[in-house]
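The following block contains the structure, expressed as structure tokens.
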């Protein structure tokens, strides 16, 4: 399949976890503590889950979050009408629906990401064994989901980040048993540890040995200390801008300025659902601050931070992100990938690929790389 002559790989398509996922897939030992749906319409276009005594989406029991959810739903109705989109047709729990959506867009291969699972296990202090059981159940369900068409659907595994040894174990299992091509990490710190903390080194070593990408994907807030979205719960646009793009910037800064990519030169890192137009400024900023203030003893970088970005990092462009042309002018066209974000209500489906191809000032060569070549390199496909 090719759209307008382009092969297309979706770097970050999404499932919607079905209400009975953990009831069916979690081990009996953990069933009475598993995530469960309590509200079919909690907000933000998501069903309402409860887990570990907390409602999800995070803090949705607070009036300001409920108000924000109402405004999002109302604006989604307007977008749906503009795009000619019937959300009832977009069943993220059904692989056949996903494949039909891919056919509409012209997508050949999609890397399949979670929606709720990373939110559910983003709890500081969560029992590591329970977190691991939740992730195992989800990854097993996702493996079955992707088996529907293993040539076109590639799983991205969720990890229990409350304990690095559990994360390493699940990464190894998901890659070897299910063929996962990505390890999904939230961009904000887990249990208060920045991603350059040496505590995480076993995970980076395992990802390198498995030849699998580490992909950071923001969530707009979480029950985790210091998550930027918590500052702005009454202002959803600001909470999302902080909790996704800005947290992604900080995750990339941790991986680069914290020396992770220097220590693991074969590690490939992706930064998703937080735009990419900030890359020129952020790489310049990292270079500037490293030159003036860098601790060469604690974080012995051998290259400029921007060079580590070019060697090992990838960022996803939104379908309508016309500023990608400016980013390409500064950093080149080898480090950007494309995502439809199907089936979420803020995505551009069924016109995501069409919208991206319509961006002026992006060359055919750059579109080819962003739509396929770079993504294939990131995921080792």
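Any read-out appearing in this document is the output of simple, stated calculations on the displayed coordinates, not a laboratory observation. Since the structure is predicted, the reported quantities are computational estimates derived from the model, not experimental observations. Please note: Cβ atoms are built from the backbone with ideal geometry, for glycine as well, and neighbour counts cover all protein chains shown.
Could you work out [θ]222 nm for the chain from helices alone, using -39500 (n - 2.57) per DSSP H run of at least four and dividing by all its residues? Round to the nearest 500 deg cm²/dmol. Kindly include the intermediate steps, with their values, before the conclusion.
Numbers: 16 runs with 154 residues, N = 381.
Helix contribution divided over all residues of the chain: -11500 deg cm²/dmol.
Here's a follow-up. Run the numbers for residue 66 and residue 83: contour at 0.36 nm per residue of separation, minus the present Cα-Cα distance, in nm.
Extending this stretch completely gives an extra 3.6 nm.
Once you have the Cα-Cα distance between residue 4 and residue 289, take 0.36 nm times their residue separation minus that, and quote the gain in nm to one decimal.
Difference between extended and current length: 98.3 nm.
A further question follows. Looking at the range 9-379, what % of its DSSP beta bridges pair antiparallel, to the nearest 5?
Taking every DSSP beta bridge with both residues in the range 9-379, the antiparallel ones total about 25 percent.
I've got another one for you. Normalising by the residue count of the chain, find the relative contact order in percent from Cα pairs under 8 Å and 6+ residues apart.
18
At 0.36 nm per residue, minus the direct Cα-Cα distance, what do residue 231 and residue 326 gain on full extension? Give it in nm, one decimal, please.
Stretched fully, the residue 231-residue 326 segment lengthens by 31.1 nm.
Still on this structure, please answer the following. Using r as the Cβ-Cβ distance of residue 307 and residue 205, and R0 as 22 Å, what FRET efficiency do you calculate, to the nearest 0.05?
So the FRET efficiency works out to roughly 0.50.
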